[in-house]
Amino acid sequence: MNIKKILYKALEDSFLHSNYSFDDLTLTFSNRPEEADFQCNSAFAIAKKVHANPEVVANAIIANLNQDVADVWFSKPGFINFKIKDEVLSKLLNEALSSDRLCLEELEEKETVVMDYGGANVAKELHVGHLRSPVIGESLARLHKILGNKVITDTHLGDWGLQMGLTIAGLEDDGYIDGYFDSSKKNKEITLDTLNEVYPKASKRKNDDEEFRKKAESYTKFIQDKKEPYWSIYLNIREISVNRIKANYEKLGCYFDLWYGESNAAPYVEGVVKTFIDKGLTREHDGAIVVDVAKEGENIPIEKKNPDDPQLYKNPMPPVYLKKRNGADVYDTTDIATIEQRNQDYNPDKMVYVVDKRQAAHFERCFRAVKMAGISPASQKLEFLGFGTVNGKDGKAFKTRSGDTIKLEDIINLISNGARAKLAENGIVDNDELALQIGVAAMKFGDLSNAPSKDYIFDIDKFTSFEGKTGPYIQYTGARIHSLLRKAGLEDKFDSLSSLNLIDIADENQRKIAINFIRLQESYFTSYKESSLSSLCTALFDFASSFSKFYNDTRILTEKDEGKKSSYLALCLLILKALKQATGVLAFEIPEKM
Ligand code: ARG
């Protein structure tokens, strides 16, 4: 039962009666939740059009309105208020409780969507800049899935760029890979620590050692040409790195269908470059093959004819690079070839990229190029979802105390430690798994409560609090219900409880829960439309809060009236299920005890 749809239908019927246009029909949750559940403000717009008094219009609408599910009344100067009848709310909740997906509806038009997030770089350490993509991406993918879309998730590893050549050049200089070139010599074992040491050093060195940089560039090309022994060394590095990346993503509750990287697009590069050339879209620039994608009004900073001309670089839209001068693939190349690959494999309606918003221009250029070349059909949606920066409490980019970039593993430790301290206050010690569960929830909820495009402040103390709008508060609410059901001896009898139609809404607190449940179910769709989990987080928090109020005001386990008690417990079970459904999308767990 979708109560909003029922009310909407009743309004439509009444509008037909009076010949009012459906364009003016609005129905929202009430601004005065103490009095009403929903409100309709249509009378104002209609009154203006037909030159009547809103009060007259509102009363005309009410007069023809089916009032089976709600009590309806007018309030000045032109509002129509609805209060859903208690027995209707009870029916709705009982229906939800007996449904696997709590009667959560699905999208009317389902799509096949490829989601590109994670984006870790092989050989480079994961750091704070890699935190938001997996967090937002995983939840968004789960949101699409629960609403019925077919979703393919791909982590799109950075594994084809200069960092690979740099790492090999660095390993060579430090004597790790001599055996690959001279069979009389031995290789030294390469571990993750080796990579963490070698890559940053090499990356620094390339800036003032021209020869070293050139060597790294040619090694990058060798890898892309699968030349031995560079290719074997590359595969070795890739494996070491990817194993670690996987482990870290799993800690964050992120799992991917595809562990592809830029390298997997390599077989498609030749074909796409040919498409661009055949369509006459390319030109040569300084030995490289480029495609101009600028539109009128945007400057193409091709040559610095007059370096003093301020116009030259204003609003720049550089060309897309398909091939570097040495024939190597660059970031543009692999992203464009990846679109071709995904189209051949899945022909999706949409591709969504959850990437740092500073990469917006790169994606804009690639998207324009694939549309021009017909690599992406005109009807296919390419969506760049750029996210903002994670800041410290000082409002500046989150760093370690010594001012270094903070590693993802350190962040995971920080939040787990924060959660461990809070658990200790509650007398729970030595539970690392629980601390991680809570820490991850704290961090994710803190992040997802914000619109992705906004920067946000990473405040461990605030995020890990068991009170207020936090992940742990949601978990705590769930754990309380677990404990309640356990004490009632019902924890393993969920299924039997679900089918008994026990819920009987009887007071204001319970009504609040019911209305907040309706809001929660609606927030999945709002979040979907907004490509942001923030509405879901807010609705989930309000829903959990309405349980707390009920829990504080009601004697549940000691209730003498068996009917009432069963109703309370069934309601609690529904709340637990709804919390789990939502946290399943936000991708964190509800512990049984905390
Ligand atoms: N590896 C990239 C980075 O660290 C992110 C990849 C994003 N996805 C993509 N298709 N380019 O910046």
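The values are calculated or read from the model by the stated rules, or taken from the named source; none is laboratory data. Values in this document were obtained by computation on a predicted structure and should not be read as measured data. Positions of Cβ are backbone-derived with ideal geometry, glycine not excepted, and every protein chain shown enters the neighbour counts. Just the protein is used for accessible areas: all its heavy atoms, side chains included, with ligands, DNA and RNA removed. Shrake-Rupley method; radii C 1.70, N 1.55, O 1.52, S 1.80 Å.
What are the semi-axes of the equivalent ellipsoid for the range 1-131, taken as the square roots of 5 times the Cα gyration tensor eigenvalues, largest first, in whole Å?
Semi-axes, largest first: 41, 21, 15 Å.
In terms of Cα to Cα distance under 12 Å, which aspartates and glutamates are near enough to residue 407, apart from those fewer than 8 places away along the same chain?
Leaving aside aspartates and glutamates fewer than 8 places away in the same chain, those within reach of residue 407 are 125.
Within the range 436-535, count lysine pairs with alpha carbon atoms under 28 angstrom apart where the residues are 8 or more positions apart or belong to different chains.
Lysine pairs, 8 or more places apart or on different chains, close enough: 15.
Counting only Cα, what are the radius of gyration and maximum Cα-Cα distance Dmax of the range 365-498, in Å?
Rg, Dmax (Cα atoms, Å): 20.9, 65.
Wrap a convex hull around the Cα atoms of the range 335-392, take a quarter of its surface area, and give that in square nanometres. If you can, show how the numbers build up before the last one.
Numbers: hull surface 16.3 nm².
About 4.1 nm², averaged over all directions.
Which whole-angstrom value gives the distance between the alpha carbon centres of the range 516-594 and the range 440-506?
The range 516-594 and the range 440-506 have Cα centres spaced 7 Å from each other.
Counting pairs of alpha carbon atoms under 8 Å apart in space and at least six apart in sequence, what relative contact order in percent does the range 105-189 give? Could the numbers behind the result be given before it?
Details: 95 pairs, mean separation 28.1, N = 85.
In percent, rounded to a whole number, it is 33.
If you wrap a convex hull around the C-alpha atoms of the range 492-594 and split its volume per residue, what is the figure in Å³? The partial results should precede the final answer.
Details: hull volume 11.9 nm³, N = 103.
With only Cα atoms used, the range 492-594 gives 115 Å³ per residue.
Setting aside same-chain residues fewer than 8 positions from residue 185, which lysines have a Cα under 21 Å from its Cα?
227
If you find the alpha carbon centre of the range 380-411 and of the range 92-111, how far apart are they in angstrom?
Here the two parts' Cα centres lie 36 Å apart.
Relative to the longest principal axis of the chain, what angle (0 to 90°, nearest 10) does the C-alpha long axis of helix 331-346 take?
50 degrees
Can you give me the orientation-averaged projected area of the convex hull built on the Cα atoms of the range 46-118, in nm²?
Working: hull surface 39.5 nm².
Mean projected area of the Cα convex hull: 9.9 nm².
In Å, what is the Rg of the alpha-carbon atoms in the range 58-210, and how long is Dmax?
Reported Rg and Dmax, both Å: 30.2, 96.
Rounded to the nearest 10 degrees, what's the angle between the helix 3-18 long axis and the longest principal axis of the chain, both from Cα atoms, 0 to 90?
Value to nearest ten degrees: 70.
Regarding the range 1-47, what's the average projected area of the Cα-atom convex hull, expressed in nm²?
On the way: hull surface 14.5 nm².
Averaging across all directions leaves 3.6 nm² for the Cα convex hull.
Below 23 Å Cα-Cα, how many Lys pairs turn up in the range 1-98? Only count pairs eight or more apart in sequence, or on different chains, if you could.
Lysine pair count for the range 1-98: 15.
What fraction, in whole percent, of alpha-carbon pairs in the range 335-441 exceed 17 Å separation? Show your work: numbers first, answer last.
Numbers: 3833 of 5671 pairs.
Cα-Cα pairs of the range 335-441 separated by over 17 Å account for 68 percent.
Could you compute how fast the chain diffuses translationally, taking Rh as the Kirkwood radius over C-alpha pairs and applying Stokes-Einstein at 10 °C with viscosity 1.306 mPa s? Give it in µm² per second. Show your work: numbers first, answer last.
Details: Rh = 27.6 Å.
Roughly 57 µm²/s, to the nearest whole number.
Rounded to the nearest 10 degrees, what's the angle between the helix 408-425 long axis and the longest principal axis of the chain, both from Cα atoms, 0 to 90?
30 degrees
List the residues, sorted by chain then number, that are 5 or more residues from residue 112 or on another chain and whose placed amide H is less than 5 Å from its amide H.
150, 349, 350
Please report the carbon-and-sulfur percent of the accessible area for the chain; probe 1.4 Å, protein heavy atoms only, DNA, RNA and ligands left out. The partial results should precede the final answer.
Numbers: 13010 of 27330 Å².
So the carbon and sulfur contribution to the accessible surface is 48 percent.
Can you pull out the GluC sites (Glu not before Pro) in the range 447-545 whose DSSP state is coil and whose Cβ has at most 11 other Cβ atoms within 10 Å? Mind dumping the intermediate values first?
Working: sites: 467, 491, 508, 522, 530; in loops: 467, 491.
Here the GluC sites (Glu not before Pro) that fit, given the DSSP loop and packing criteria, are 467.
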